[in-house]
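Structure first, commentary second.
The values are calculated or read from the model by the stated rules, or taken from the named source; none is laboratory data. Only a predicted model underlies this, so the values are computations on that prediction, with no experimental measurement involved. In this analysis, Cβ positions are derived from the backbone assuming ideal geometry, glycine residues included, and neighbour counts consider all displayed protein chains. Each accessible area value is taken on the protein alone, full model and side chains, heavy atoms only, with ligands, DNA and RNA left out. Shrake-Rupley method; radii C 1.70, N 1.55, O 1.52, S 1.80 Å.
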Amino acid sequence: MQDAAIGKGSNSVNLRLFNERVILTALRRLGSASKADLARYANLTNNTAGVIVRELEQQHLVRTEGKRSGQRGQPATLLSLNADGAYSVGVKVGRRSLETILVDFSGQLLDQRRHERAFPLPEEATALLLADIAEVRRALPTSGSGRLAGLGVATPYHMGSWRRELDIPSEAYRAWNEFDITRALAIGTGLEVFAENDGTAAAVAELFQGHGRELDDFVYVFIGTAVGGGVILGGHYHRGTSGNAGDLGLMPVPPSRLGSAPQPRGRYDILLTRASVNSLIRHLRAAAVVIERRADLDAAIASHGAEVAEWLEDCTEALVPPLLSAACMLDVRTIVLDGDLPKAVIEDLISRLTTALATATPEAREVLEVRMGTIGRRAAAIGAAILPLHLNFSPNREILMGQ
């Protein structure tokens with residue numbers, strides 16, 4: 001009887017923790033909600049939801065923010081995440097840049113650092129990131145030093161691969177494939193580290209701070225140095241067996257017709273050769289444009305409209321088959337597209353994609369809606385910073401962390 005009682009008590013605690021995490025996830029997605037909203041979201045009675053909310057308020061994770069207006073009856077009290085409840089650091093390790101940010105429990109940016117580095121080697125990147133992490137940690141309020149939830153890391157899969165497709169200049173860059181950046185940062189900071197593919201991390205940012213607040217299902221695409229993405233189904237992000245769900249960059253596509261593109265080894269190329277910031281830089285350099293820094297690229301985009309239009313046409317053509325394939329396999333109706341490019345370029349690409357997808361959509365299928373992402377260039381870093389805040393308080397923590 002004693003063992004049964006202990007088991008029952010343990011299950012009760014686990015259930016309470018699960019429901020707390022469901023409510024915190026709901027508030028992270030919704031931004032604000034009433035107790036009745038949260039009860040419906042978590043499939044709880046109003047009384048149970050109220051008890052859980054009071055416990056979360058005592059833990060300083062949830063706060064009251066005011067009354068809902070514009071509806072009949074007594075206005076409902078709105079709840080939101082308490083920004084001071086916890087903090088997190090996020091790092092994006094890229095092939096052309098390194099970013100470090102500090103966010104509060106609501107995901108708002110408090111401090112940031114960024115370095116433009118074309119294909120940095122692991123030791124250089126680690127040293128820069130450790131220094132930046134130390135700097136942003138100093139921006140924590142005094143009362144928040146003990147509430148740092150961890151360090152989120154977003155990094156491309158196999159950083160040192162695809163040298164031909166990404167014009168990586170040095171064979172030494174392959175050192176990344178044998179380097180564990182997550183472990184190096186964990187040792188250097190003493191923090192618990194939560195790591196994801198950079199495309200998945202960017203999708204996490206969109207899920208909790210963008211279109212994910214109204215869409216439960218979509219494919220997310222981010223055009224950076226390479227091209228990647230993530231999968232959102234049922235209001236949750238999906239990692240896949242190796243953490244690379246939604247990695248469109250390696251999907252086969254026909255070779256580019258641009259003279260600036262490298263020739264594939266076989267009949268097909270891969271998407272990142274054609275749909276990436278690197279492919280745009282390559283095309284502009286073929287027109288004798290000098291591009292060394294981010295400012296050079298932005299200036300070249302503004303002054304070389306013909307070359308940008310050529311790249312956009314090629315990029316659109318390359319994206320259509322992978323996007324249609326992904327939508328058919330996952331049965332989603334929306335693509336959210338973002339990138340490390342000026343807003344006008346993303347808008348132009350979305351316009352072209354909308355037209356091309358309408359033409360290519362098979363009979364008896366709905367034409368995909370393509371939406372512009374809401375986060376922008378910092379999406380992977382923001383998503384990385386959200387990871388510790390979400391995973392530490394997620395009802396699916398064990399699944400998402402592979403436990």
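Are there any pairs, at least 6 apart or on different chains, whose C-beta atoms fall under 6 Å, with the first in the stretch 241-265 and open to solvent by less than 20 Å² (accessible area, probe 1.4 Å) and the second among the aliphatic types (A, V, I, L, M) and part of a loop (DSSP other than H, G, I, E, B), and if so, which?
Hits for this filter: G249/A226.
What's the number of the condition L98 fails, among (1) in a loop (DSSP other than H, G, I, E, B); (2) in contact with a His (Cβ under 8 Å, 6 or more places away or on another chain)?
With respect to (1) in a loop (DSSP other than H, G, I, E, B); (2) in contact with a His (Cβ under 8 Å, 6 or more places away or on another chain), L98 is out only on (1).
Please tell me if Q59 is open to solvent by 80 Å² or more (accessible area, probe 1.4 Å), of a type outside the set (F, W, Y) and farther than 30 Å from A131 by Cα. Walk me through it before giving the result.
Values: open to solvent by 80 Å² or more (accessible area, probe 1.4 Å): yes; of a type outside the set (F, W, Y): yes; farther than 30 Å from A131 by Cα: yes.
Yes: the conditions hold for Q59.
Of the residues that make up the stretch 113-127, is at least one open to solvent by less than 70 Å² (accessible area, probe 1.4 Å), modelled with pLDDT under 95 and of a type in the set (D, E, K, R)?
no
Return yes when R294 is surrounded by fewer than 21 Cβ atoms within 10 Å (Cβ to Cβ), closer than 14 Å to G339 by Cα and at pLDDT below 95 and no when it is not. Steps first, answer last, please.
Working: surrounded by fewer than 21 Cβ atoms within 10 Å (Cβ to Cβ): yes; closer than 14 Å to G339 by Cα: yes; at pLDDT below 95: yes.
Yes: the conditions hold for R294.
Just to be sure, is G160 crowded, with 18+ Cβ neighbours inside 10 Å, assigned to a loop (DSSP other than H, G, I, E, B) and small (G, A, S)? Give the steps one after another, and end with the answer.
Values: crowded, with 18+ Cβ neighbours inside 10 Å: yes; assigned to a loop (DSSP other than H, G, I, E, B): yes; small (G, A, S): yes.
Yes: the conditions hold for G160.
Could you say which residue among A172, A205, A201 is of a type in the set (A, V, I, L, M) and more than 21 Å from the chain's Cα centre (by Cα)?
Numbers: A205 fails: more than 21 Å from the chain's Cα centre (by Cα); A201 fails: more than 21 Å from the chain's Cα centre (by Cα).
Answer to the selection: A172.
For residues that are at pLDDT 90 or above, more than 20 Å from the chain's Cα centre (by Cα) and assigned to a helix (DSSP H, G or I), scanning just the stretch 16-45, find the one that is nearest to T64 (Cα to Cα).
So, considering only residues that are at pLDDT 90 or above, more than 20 Å from the chain's Cα centre (by Cα) and assigned to a helix (DSSP H, G or I), the one nearest to T64 (Cα to Cα) is K35.
Mind counting the residues in the stretch 145-186 that are among the small types (G, A, S) and farther than 25 Å from T241 by Cα? Spell out the reasoning first.
Residues of the stretch 145-186 among the small types (G, A, S): 145-146, 149-150, 152, 154, 160-161, 170, 172, 175, 184, 186.
With the extra rule that they be farther than 25 Å from T241 by Cα, the set shrinks to 145-146, 149, 170, 172.
Residues in the stretch 145-186 being among the small types (G, A, S) and farther than 25 Å from T241 by Cα: 5 in total.
For the stretch 257-277, enumerate the residues that are touching a strand residue (DSSP E or B) at 6+ places or on another chain (Cβ under 7 Å) and in a loop (DSSP other than H, G, I, E, B). Show your work before the answer.
Initial filter on the stretch 257-277 (touching a strand residue (DSSP E or B) at 6+ places or on another chain (Cβ under 7 Å)): 268-272, 274-277.
Across the stretch 257-277, the qualifying residues are Y268, A275, S276.
Please state which one of A175, A131 is touching a Lys or Arg at 6+ places or on another chain (Cβ under 9 Å) and part of a helix (DSSP H, G or I). Steps first, please.
Details: A175 fails: touching a Lys or Arg at 6+ places or on another chain (Cβ under 9 Å).
Residue meeting the stated conditions: A131.
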